[in-house]
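The next block holds one structure in the form of structure tokens; read it before the comments.
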Amino acid sequence: MDPHKLCSGKRIPQASIKDNTVNYILHNAYINGQPQAEAVLIVKNSIVHVGSLSNCRHLAGLAGEEIDLGGKCLMPAFTDAHSHFVEYSKSSILVNLLNCNSIEDIATELQRYRAQLSWPAEWILGGGWNRNTLSNPMTLNKTLVDKVFPDLPVALFSRDYHAKLLNSKALEIAGWDQHTPDPPGGRFERMPDGSLSGVLFETATEMIDAYTKDPPNQVMVDSIKDRVQSIYELGLIGFHSMEHQASAQLLRQAQSQGSLFRTCWHFQAGELDRMIAQEKKSYDGDEFFKIGGLKLFGDGSLGSRTAAMYDPYPGDVENRGILRYHDDELYRLMEKAARAGLACTIHAIGDRCVRQIIDATMRLRVEPAYKNLFHRIEHVQSIRLSDIPLLKSSGLFASMQPVHIANDIPMIHQSWGHIKEEAYAFRSMLDAGIPYAFGSDSPIETINP
């Protein structure tokens, strides 16, 4: 184990990362898993002994440098179970609206970004906008963005990544207008006169990806390397990343250029056929880059009121959210992946979607050949209490993000007040013995554990 994989609440000197000729003795700490031990000896970036301080000193010889951890807890580093790490990295070089709480803030940040842009961008990308914090949310539309970028196409994700804001130039490039129909599992927001506002929801957000162009490759790789360096002091050295193949390639490039991290890549639905053709399977790879599963979006989000629910949203009796797949459609997709040795990692926020995934997984597990695959359900922000035993029986692994709770409380009262006992029922799930892990969903929330 590398020395920067240790989290004590105190930063290990960066020399331990760069110079593997230095021996370190970490002492005066509660050593997680070895409470009777006094010290840890690190030689050439590997832990070689855990035991008494005297033994560590003897084994280190004169080359050992001692680090007093001040009585803190010494732990192995954390792995973030759910992130979008390349998007998190690119947020340092793309439009970042996470701290914008008004239309004026957004306009100012767009103007600042344009003035400071350091490369000849073909598209303006980024995001972080949140209509739930705006006093006049419907004014966040293409007209606002056109004022700053009349000549360059713009595509900006919402904070929850379930909506996207385009300007007129982007709509023009895609060839979309008031006559363009909504796609299955998605929606184009329309103005009172029927024209497109520029805001897209769910599957509609993916349709623009065929047209967008990223910043220069090395600029993005450098942003990953910088972010990796910054997470060490947070106690992180690994992360599961839910992103496209292009992002996975950027992660591999960063590793080839010396960036040290462990990652498990969960690929997108559009890449399933290619993965099957290449005979890739879940868990292929090594300890630094491993294939996870097929990442599916079962529904939308609470903030966009697109999470698929059994009951309609208050004040909108026609809206029960967006379920991206019919029941049989989801099962067939999961079965296709399982047949090729690929597990599924499925986003589910609404109670209707959660139950759909439980049912599909239980149906899949009837087949003995598929029982060894490690299927995951992501988020589980609402679940009917009667479905918790079924979730346990399904064998699904729950990947959850408690960090969302604070920001979601107002929206829970607004949209799920009638079923608030279902929201974030983590304690009930843990008491039921459901296996779980926590993650950040960065860049939607902070990556700091």
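Rule-based calculations on the coordinates, nothing more; no lab input. Given the structure is predicted, the values throughout are model-derived calculations rather than measurements. Quick reminder, even Gly has a Cβ in these numbers, built from the backbone with ideal geometry, and neighbours come from all protein chains shown.
Once both axes come from the Cα atoms, what is the angle between helix 103-116 and the longest principal axis of the chain, in degrees from 0 to 90, rounded to 10?
60
Using the basic label-point model (7 angstrom from Cα toward the beta carbon), what is the ALA63 to LYS147 distance in nanometres?
Result for the modelled spin labels: 6.4 nm.
How do the peptides 377-383, 122-128, 186-192 rank, highest first, by the average count of neighbouring beta carbon atoms within 10 Å per residue?
377-383, 122-128, 186-192
Treating only the Cβ atoms of Lys and Arg (+1) and Asp and Glu (-1) as charged, compute the dipole magnitude of the chain about its Cα centre; round to the nearest 20 debye.
Dipole magnitude for the chain comes out near 760 debye.
From the phi angles alone, apply the Karplus equation (6.51, -1.76, 1.60; θ = phi - 60°) to segment 363-377 and give each ³J(HN,Hα) in whole Hz, x where the residue is Gly or Pro.
5, 5, 6, 5, 7, x, 5, 9, 5, 8, 7, 9, 7, 10, 10
Quick one: of the DSSP bridges fully inside the chain, what percent are antiparallel, nearest 5?
Given both bridge residues lie in the chain, the antiparallel proportion sits at roughly 35 percent.
Could you tell me whether segment 237-370 comes out rounded, prolate or oblate from its Cα gyration tensor? Rule is a ≥ b ≥ c as square roots of the eigenvalues, rounded for a/c under 1.5, then prolate if a/b exceeds b/c, otherwise oblate.
oblate
On a straight-distance basis, which lysines could pair with LYS336 in a cross-link, Cα separation under 23 angstrom, same-chain partners fewer than 8 positions away excluded?
LYS280, LYS281, LYS290, LYS295, LYS371
Positive end of the dipole of the chain, charges at C-beta (+1 Lys, Arg; -1 Asp, Glu), about the Cα centre: which of ASN372, SER415, ALA338 has its Cα farthest in that direction?
Toward the positive end, the furthest listed residue is ASN372.
Can you give the log10 of the normalised intensity I(q)/I(0) at q = 0.15, 0.16, 0.18, 0.22 Å⁻¹, computed with Debye over equal Cα scatterers of segment 94-210?
Log10 I(q)/I(0), no solvent term: -0.60, -0.69, -0.89, -1.34.
Taking H placed 1.01 Å from N in the peptide plane, check which residues at least 5 places from VAL380 or on another chain put their amide H under 5 Å from its amide H.
Excluding prolines and chain starts, which carry no amide H, the hits are ALA348.
For the chain, find the longest principal axis of its Cα atoms and tell me its angle to the long axis of helix 217-231, 0 to 90°, nearest 10.
Tilt of helix 217-231: around 50 degrees.
Of the peptides 223-234, 174-185, how do they stack up when ordered by the mean number of other Cβ atoms within 10 Å, highest first?
By packing density, highest mean first, the sequence is 223-234, 174-185.
Which value at 222 nm does the chain reach when only helices count, each DSSP H run of 4 or more adding -39,500 (n - 2.57), with the total divided by all residues and rounded to the nearest 500 deg cm²/dmol?
For the chain, the value works out to -8500 deg cm²/dmol.
Among 245-252, 311-318, how do they line up from the highest to the lowest mean number of other beta-carbon atoms within 10 Å?
Per-residue Cβ counts within 10 Å, averaged per peptide and sorted highest first, yield 245-252, 311-318.
Under a Cβ-only charge scheme (Lys and Arg +1, Asp and Glu -1), can you give me the dipole magnitude of segment 217-438 about the Cα centre, in debye to the nearest 20?
Once rounded to the nearest 20, the dipole reads 400 debye.
Based on DSSP, what percent of beta bridges with both residues in segment 242-387 are antiparallel, to the nearest 5?
If we restrict to bridges inside segment 242-387, about 10 percent are antiparallel.
Quick one: 3J(HN,Hα) in Hz for segment 75-87, Karplus 6.51/-1.76/1.60 with θ = phi - 60°, rounded, Gly and Pro as x.
Ordered by residue, 3J(HN,Hα) equals 10, x, 5, 8, 10, 6, 6, 7, 9, 10, 5, 5, 4 Hz.
In nm, to one decimal, how far is the modelled label at LYS290 from the one at GLN34, with both set 7 Å along Cα→Cβ?
2.2
Express in whole angstrom the spacing between the alpha-carbon centres of segment 165-197 and segment 293-346.
23
Using θ = phi - 60° and the Karplus curve 6.51 cos²θ - 1.76 cosθ + 1.60, what whole-Hz ³J(HN,Hα) does each residue of segment 306-318 get, with Gly and Pro shown as x?
10, 5, 6, 10, 5, 9, x, 6, x, x, 8, 5, 8
Excluding PRO314 itself, what net charge comes from residues whose Cβ is under 14 Å from its Cβ, given Lys and Arg +1 and Asp and Glu -1?
In short, 0.
Against the longest principal axis of the chain, how steep is helix 405-415, in degrees 0 to 90 to the nearest 10, with axes from Cα atoms?
Once rounded, the angle reads 20 degrees.
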